[in-house]
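> Dropping the structure in here first, questions after.
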Amino acid sequence: MSSSILERPLSEVFVSNRPQLRRIAQSIVRTVEQTDEVMQDAFLKIVDIAFDREVRQPFFYCCQVVRNLALDCCRRRTVEGNHRNFDVDVDMVDVPGAPSPHKVLHERQALDAIDRALDRLPAKTRFAFELYRLEGLTQREIAQRLGCSLGQVNGLIADAARAVESCRHLLGD
């Protein structure tokens, strides 16, 4: 290595060896666009460093800067690929199995209608129906709890079922 290379500014060494440095970057990042990016970043870094310190082997130093920036570029690309951000309107995504807002509204209206139908029934009838349908008690258990006959519980549940049946058309299924 001649003394003239040691005396040349680091930026001149970079420019005069640009084709070789470019091949180093290209072999690592593989795309022209990213190679250009790496070369530009390397040149800016070398210009900044040139004022801070004296480099003993400027060509090898330039090679190392290009290599490190190219590797950083590849790492960054890998991380970004793993955390890709898609421009998707989350409210417009159709989630399988999730009911549409229209269906939810329709179901709420049906439940409100059923609730109103049950409200028109005597309290004992509604209570028997809720014990049977919501709590899963048997008619015998309901009869014991209400202190009435099994036949009467059967009739109370049948009355409530008829009231609810009038709302079946709202369910659609």
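> Look through Leu156, Leu71, Leu137, Leu131 and report the one residue that is at pLDDT 90 or above, outside any helix (DSSP H, G or I) and out of contact with any His (no Cβ under 6 Å at 6 or more places or on another chain). It would help to see each step written out before you state the result.
Details: Leu156 fails: outside any helix (DSSP H, G or I); Leu71 fails: outside any helix (DSSP H, G or I); Leu131 fails: outside any helix (DSSP H, G or I).
Matching residue, one of Leu156, Leu71, Leu137, Leu131: Leu137.
> Just for segment 35-56: of the residues that are among the basic types (Lys, Arg) and surrounded by fewer than 14 Cβ atoms within 10 Å (Cβ to Cβ), which one is modelled with the lowest pLDDT?
Among them, the one singled out is Arg53.
> Could I ask something else about it? Going through segment 159-173 one residue at a time, which ones are small (Gly, Ala, Ser) and either part of a loop (DSSP other than H, G, I, E, B) or surrounded by fewer than 16 Cβ atoms within 10 Å (Cβ to Cβ) (or both)? Steps first, answer last, please.
To start, the set of residues in segment 159-173 that are small (Gly, Ala, Ser) comprises 160-161, 163, 166, 172.
Listed by number, the residues that qualify are Ala161, Ser166, Gly172.
The values are calculated or read from the model by the stated rules, or taken from the named source; none is laboratory data. Bear in mind that the values here come from a model prediction, so they are computed numbers and not experimental data. Here Cβ is always computed from backbone atoms with ideal geometry, including for glycine, and neighbour counts include all displayed protein chains.
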